[in-house]
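Every read-out reported here was derived from the displayed coordinates using simple, explicitly stated rules and does not represent laboratory data. Bear in mind that the values here come from a model prediction, so they are computed numbers and not experimental data. Don't worry about glycine lacking a Cβ; one is built from the backbone with ideal geometry, like all the others, and counts go over all protein chains shown.
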Amino acid sequence: MAIIGGGFSGLAAGVALSGRGHEVLLLERRDHLGGRAYSFIDSTTGDVVDNGQHLFMGCYHRTLAFLEKIGCRDKLRFQDSLRVDFLDREIGLIKFECPPLPAPMHVMAGLFKMKGLTLADKLRAVNVGREIRGRRKISTNAGQTNRTVAHWLDSLGQSNRIKQRFWYPLALATLNESPETASAKMVITVLREAFGRDRASASIGIARVGLSDLYTGGACAYIRSRGGHVRTGAWVRRLVIERGRAVAAELGNGQKIEADYFISAVPQFSLLDMLQDELRDREFAQVALLGSSPIVSINLWFDRRVIDREFVGLLGTRIQWLFNKDLIISTGKQSNQIALIISAARNFVDWAKPALVEMALADLRELVPESRSARLLHSVIVKERNATLAHTADSDRLRPGARTSIQNFVLAGDWTDTGLPATIESAVVSGETAARIIDPEI
């Protein structure tokens with residue numbers, strides 16, 4: 001079994017197949033595993049930097065099972081119950097905290113306690129709660145599929161105030177796409193998975209180590225301990241297909257890797273680069289129409305601690321989320337490192353580093369008073385230009401399934417049609433789905 005790609009989807013497929021006794025060869029183009037969810041050590045400070053802060057949720061059932069299987073589940077820590085704090089330039093601190101009630105009433109009760117929303121705002125939010133509780137299948141006809149998050153929320157009578165203070169930040173964080181263009185179908189899926197099942201599904205988890213340390217080492221060790229192989233620095237230049245079967249993966253150095261089955265676990269644009277023109281133009285033509293959406297992470301180090309919360313959402317600013325790395329990753333030293341995140345960052349991804357740092361400091365000083373007297377010591381910018389699939393309303397119909405017309409070639413990746421947004425959970429589900437096509441006993 002040859003798996004192309006060493007992110008969550010590729011490693012999940014490798015672990016699933018290895019666990020069933022299959023000999024796996026995983027090929028990763030870069031010199032490190034992790035795909036678009038990785039971390040590295042900053043050479044100046046020695047601190048861990050993620051390529052974008054990733055949050056986990058209790059509804060990530062396959063991800064949690066995967067981490068348990070490779071012995072890494074204890075590197076995640078979850079809230080006892082859902083709580084998210086926001087800083088608002090008009091109101092100050094706003095708490096969204098859910099009481100111990102059955103889902104989704106716990107979310108509605110949390111909304112009813114939030115500051116900055118009128119009673120009318122809160123009452124109209126019940127319309128969204130009814131949609132979450134509904135068990136009818138999300139429609140896939142053209143009129144429903146093409147709805148955006150903004151249009152859907154308007155149809156439910158949601159005011160601009162609650163959209164800006166709650167629904168839009170949630171959509172940006174989960175879909176990495178502007179609500180004006182993002183898929184309503186996918187945000188409904190998010191709300192049902194997180195808020196419509198049970199209280200635990202909505203709780204937020206954060207890795208207490210760097211992203212790479214969370215899963216790549218454990219997954220690699222699992223595969224190798226069962227006779228598999230993991231190769232980094234192995235760029236698959238093209239897939240060799242003869243008579244309707246994939247016969248080899250040709251590497252950049254000309255080496256040809258033969259296997260009984262091949263799984264592609266790379267982003268959509270990388271998949272197209274590997275395929276012959278005929279396949280790109282026919283079977284995979286719709287894949288070329290799928291876009292991607294960037295995330296910009298601005299890591300700042302100060303001479304003192306500027307905030308005492310693990311993470312907060314920022315309202316009314318260009319920066320959307322702040323993460324206090326000292327409180328998230330326990331290293332025994334105080335680094336005063338924070339990570340500031342911009343999702344759907346198309347307007348910022350081409351900015352130069354000094355401009356991004358200046359903008360981040362301006363937003364930070366507006367909402368976090370302690371930062372105004374702190375001195376900036378160091379900064380690191382991470383631009384993930386193709387962080388996720390662009391979850392537009394049109395993307396729902398363009399995402400391909402795992403099976404292809406090539407008998408022994410299967411697709412995986414968070415961008416494939418898993419029924420979920422392009423999250424870590426979607427990546428793991430896709431990898432296990434691909435493995436199950438090869439071995440139905442998985």
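Couple of notes before you dig in:
- With R₀ set to 35 Å, the beta-carbon distance separating ARG309 from ARG30 gives a calculated FRET efficiency near 0.55.
- Selection from GLY218, HIS106, ALA393, by position along the positive dipole direction of the chain (Cβ): HIS106
- Rg ratio for segment 292-389: its Cα radius of gyration over 2.2 N^0.38 Å, N being its residue count, equals 1.04.
- Those residues of segment 371-407 whose amide nitrogen sits under 15 Å from the label point placed on HIS151, 7 Å along Cα→Cβ: 392-397
- Angle of helix 424-438 to the longest C-alpha principal axis of the chain, folded into 0 to 90 degrees and rounded to 10: 20°.
- Checking every one of the trypsin sites (Lys or Arg not before Pro) in segment 1-55 against DSSP loop status and a limit of 16 other Cβ atoms within 10 Å picks out ARG20, ARG30.
- Cα centroids of segment 260-322 and segment 169-223: 13 Å apart.
- Cα point-scatterer Debye curve for segment 321-442, base-10 log of I(q)/I(0) at q = 0.12, 0.21, 0.23 Å⁻¹: -0.68, -1.16, -1.29
- In plain terms, the C-alpha convex hull of segment 104-199 casts an average shadow of 5.7 nm² when viewed from every direction.
- Among ILE94, ILE341, ILE263, the residue with the largest mean-square fluctuation in a Gaussian network model of the chain, with springs joining Cα atoms closer than 10 Å, is ILE94.
- Candidates GLY14, GLY46, GLY233, ranked by Gaussian network fluctuation over the chain, Cα under 10 Å, top entry: GLY46
- Fully extended contour minus Cα-Cα distance, from SER225 to SER81, at 0.36 nm per residue: 48.1 nm
- Shown is the FRET efficiency for ASP273 and ALA200, computed with R0 = 51 Å from the Cβ-Cβ distance and rounded to the nearest 0.05: 0.80.
- Cut-off 10 Å between beta-carbons: net charge of the residues surrounding LEU314, Lys and Arg +1, Asp and Glu -1: -1
- Options PRO179, GLN158, VAL128, ranked by Cα towards positive dipole end of segment 49-202, top entry (Cβ charges): VAL128
- Full extension of the chain between GLU441 and GLU358 gives 24.5 nm of extra length, using 0.36 nm per residue less the Cα-Cα distance.
- Taking a Cβ cut-off of under 11 Å around GLY19, the surrounding Lys, Arg, Asp and Glu residues balance to a net charge of 0, with basic ones at +1 and acidic ones at -1.
- About its Cα centre, the dipole of segment 298-442 is roughly 540 debye, where the only charges are +1 on Lys and Arg Cβ and -1 on Asp and Glu Cβ.
- Reduced Cα scattering model of the chain, Debye log10 I(q)/I(0), q = 0.06, 0.07, 0.08 Å⁻¹: -0.26, -0.35, -0.46
- Theoretical FRET efficiency, 1/(1+(r/R0)^6), r = Cβ-Cβ of HIS61 and ARG365, R0 45 Å, to 0.05: 0.65
- Restricting segment 212-294 to GluC sites (Glu not before Pro) that sit in a DSSP loop and have at most 16 other Cβ atoms within 10 Å of their own Cβ leaves GLU258, GLU283.
- Loop-resident trypsin sites (Lys or Arg not before Pro) (DSSP state other than H, G, I, E or B) in segment 313-405 with no more than 13 further Cβ atoms inside 10 Å of their Cβ: LYS333, ARG372, ARG375.
- Magnitude of the charge dipole, the chain, Cβ model with Lys/Arg +1 and Asp/Glu -1, debye to 20: 900
- Largest-first principal axis extents of the Cα set of segment 1-118 (Å): 58, 42, 22
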